[in-house]
Amino acid sequence: MVVLERVTKQFSHNGNKTDVVSDIDLTIAEGEFVCLVGPSGCGKSTLIYLIAGLEKPSAGRILIDGTPITGPGRDRVVVFQESALFPWLTVQQNVEFGLKMAGAPKAEQTKKAGHYLRMVHLSRFSGAYPYQLSGGMKQRVAIARALAMDPKILLMDEPFAALDAQTRHLLHEELIEIWRETKKTILFVTHNVREATVLADRVFTMTARPGRLKKGYAIHLQRPRRESDPHLVVVQQRILLGLQEEIAKVVKDEGLDYLVKKTGPVAVGADGSGGAR
Amino acid sequence: MPSPLMIGRLVVTNMTDAAFLFAVASSLRRMMIGFTGVVIIGIGTGLLLGRFRFLDDVLGTLAIALHAMPGAAWVPLAIVLFGLNESAVIFTVLLGAAGIVMVNTSSGVKEVPPLVLRAAKTMGARGATLFWHVIVPAAIPRIVDGLRLAWAFGWRALMAGELMVGSIQGMGRLLNDVAKQRQMPQLLAFMVIIATISVAIDTLIFKRVEKMVKSKWGTA
Ligand SMILES: Nc1ncnc2c1ncn2[C@@H]1O[C@H](COP(=O)(O)OP(=O)(O)O)[C@@H](O)[C@H]1O
Ligand SMILES: [Mg+2]
């Protein structure tokens with residue numbers, strides 16, 4: 001179980017401190033799939049880094065199964081937006097990396113890496129280097145690399161944002177399959193509302209500047225889900241409506257509001273990215 | 001002015017002349033010794049500067065000064081330290097080319113993409129393991145860049161050293177000799193050969209390695 005208690009993170013910008021994420025209370029149950037949606041720059045990555053232990057909260061605590069975290073740990077692994085694979089290692093060596101760091105015997109490294117590469121259907125590419133793979137394949141390797149460490153919690157920071165719609169769809173199915181099989185707890189961050197509703201047990205929206213949790217939506221729909229399922233579309237509309245306000249705020253902060261005055265309210269794409277990026 | 005054809009012929013004749021080839025080999029041998037020193041000292045110091053903040057504070061400026069100094073400017077000091085001999089030339093190559101490798105290696109180490117570091121840390125890499133398994137390999141494109149530049153700087157320093165030391169076997173002395181005898185065609189032929197050797201080694205070795213590294217590391 002992951003518990004965030006009044007978690008706040010401040011960054012200082014030439015002397016002024018601003019809250020990037022503020023007062024976050026969140027509990028994620030064992031084996032739950034939670035999605036966090038919010039406009040760009042609202043602090044989603046920061047929140048992921050906090051839970052990963054890569055950043056320290058300015059206030060509040062983060063507990064994993066009741067124990068406060070003190071830094072990165074093998075129980076929590078991050079899958080990043082862009083491929084954070086190591087270009088000098090083969091696919092196989094990338095997947096073995098975490099096990100190697102943990103001092104696992106070579107035979108175990110090989111075996112586990114092989115197992116998880118099969119799970120993401122990339123066994124054939126075990127000898128390839130990252131630059132030889134497509135964007136979707138890289139992210140599947142990144143998922144295999146994370147799973148190979150057998151973490152309890154998978155933290156996913158817009159892992160499919162850079163992929164085309166078809167590839168993303170396939171990876172959604174693959175991820176749900178993996179989640180069922182491995183029973184991981186997943187926190188998945190995205191700015192894509194449809195993606196969130198297809199994947200999650202619960203979706204939380206975030207406000208921008210400061211980043212706070214705004215509202216939670218439970219989705220009790222059997223998987224696999226279709227993005228265009230009428231039940232989901234209703235939820236998507238509700239979420240988007242809630243996000244309009246936040247996107248408008250970002251647009252204003254970024255000095256794009258003159259566009260809005262000219263053209264009327266910002267059109268929010270169904271992917272929730274809005275006009276501003 | 002001698003015609004290009006004439007110079008071309010002279011180049012060919014020289015390339016089959018044992019005495020000339022011996023001079024080229026002597027120069028290349030010096031270059032190799034100096035460059036090996038550059039690789040070891042340049043990368044070694046660069047890694048230390050990149051890894052230890054306090055060393056960088058103290059010696060970082062020195063590395064930049066070393067890098068800013070034209071290679072030829074080391075020759076007088078080299079002669080004072082070693083005399084008119086081969087060691088002075090090797091010393092010149094070393095100091096003329098090590099700076100750029102130090103500077104590139106240490107910035108390669110300091111500028112590892114944050115995403116790569118974050119990924120490594122979440123997988124349990126820290127301290128010396130993080131340094132050797134992640135930071136150093138991530139810095140390789142910058143190190144290779146540095147070595148390629150160092151080759152060009154080293155070659156210039158080698159010529160400056162040989163020309164000024166004068167008395168030792170090598171291409172520098174050949175240049176001096178034909179210049180004294182005012183043999184323009186032969187002088188130009190030597191210069192063509194010197195430039196060609198430098199370009200050939202750059203293209204056949206350094207450019208290739210750089211291209212390979214850039215496509216693999218995705219920094220192209
Ligand atoms: N290390 C940092 N120092 C200062 N500001 C930061 C730092 N990391 C993030 N920020 C700021 O925090 C805000 C939220 O960033 P981020 O968490 O990356 O948002 P998101 O992932 O939702 O797009 C941004 O405005 C960003 O500029
Ligand atoms: Mg982000």
If only one of B:42, B:34 is of a type in the set (Gly, Ala, Ser), farther than 30 Å from residue B:127 by Cα and surrounded by 14 or more Cβ atoms within 10 Å (Cβ to Cβ), which one is it? B:34
Scanning for something touching a Phe, Trp or Tyr at 6+ places or on another chain (Cβ under 9 Å), under 21 Å from residue B:126 (Cβ atoms) and within 16 Å of ligand 2 (Cβ to nearest atom), does the stretch A:87-108 turn up at least one residue? no
When residues of the stretch B:114-158 are filtered for being open to solvent by 20 Å² or more (accessible area, probe 1.4 Å) and closer than 30 Å to residue B:186 by Cβ, how many remain? 3
From the list A:199, A:187, A:117, A:163, which one is within 16 Å of ligand 2 (Cβ to nearest atom) and modelled with pLDDT of 95 or more? A:187
Taking the stretch A:54-83 only, how many residues are farther than 24 Å from residue A:19 by Cα, of a type in the set (Ser, Thr, Tyr) and more than 12 Å from every other protein chain (Cβ to nearest Cβ)? 1
Hey, residue A:83 under 24 Å from residue A:35 (Cβ atoms), within 16 Å of ligand 1 (Cβ to nearest atom), open to solvent by 10 Å² or more (accessible area, probe 1.4 Å) and among the hydroxyl-bearing types (Ser, Thr, Tyr) or not: no
Condition (residue is away from ligand 1 (no atom under 11 Å from the Cβ), open to solvent by 60 Å² or more (accessible area, probe 1.4 Å), over 30 Å from residue A:164 (Cα atoms) and small (Gly, Ala, Ser)) applied to the stretch A:22-30: is it met by at least one residue? no
Is at least one residue of the stretch B:83-94 open to solvent by 80 Å² or more (accessible area, probe 1.4 Å) and either at pLDDT 95 or above or on the phi < 0 side of the Ramachandran plot (or both)? yes
Single unsatisfied condition, residue A:103 versus (1) assigned to a loop (DSSP other than H, G, I, E, B); (2) more than 14 Å from chain B (Cβ to nearest Cβ): (2)
With the structure loaded, tell me whether residue B:178 is within 14 Å of chain A (Cβ to nearest Cβ) and open to solvent by less than 30 Å² (accessible area, probe 1.4 Å) or whether it fails that test. no
When the residues of the stretch A:39-53 are narrowed to those that are on the phi > 0 side of the Ramachandran plot and away from chain B (no Cβ under 14 Å), which ends up surrounded by the fewest Cβ atoms within 10 Å (Cβ to Cβ)? A:41
Among the residues listed as B:5, B:47, the single one being over 16 Å from residue B:153 (Cβ atoms) and open to solvent by less than 80 Å² (accessible area, probe 1.4 Å): B:47
Can you say whether residue A:57 is assigned to a loop (DSSP other than H, G, I, E, B) and in contact with a Pro (Cβ under 7 Å, 6 or more places away or on another chain), as far as the supplied structure shows? no
So is residue B:65 under 12 Å from residue B:161 (Cβ atoms) and in a helix (DSSP H, G or I) or not? no
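The values are calculated or read from the model by the stated rules, or taken from the named source; none is laboratory data. What you see is a predicted model; the values in this text were computed from it and never measured. Every residue, glycine as well, gets a Cβ built from its backbone with ideal geometry; the counts of neighbours run over all protein chains shown. Note: accessible area is taken over every heavy atom of the protein model, side chains too, but ligands, DNA and RNA are not part of it. Shrake-Rupley method; radii C 1.70, N 1.55, O 1.52, S 1.80 Å.
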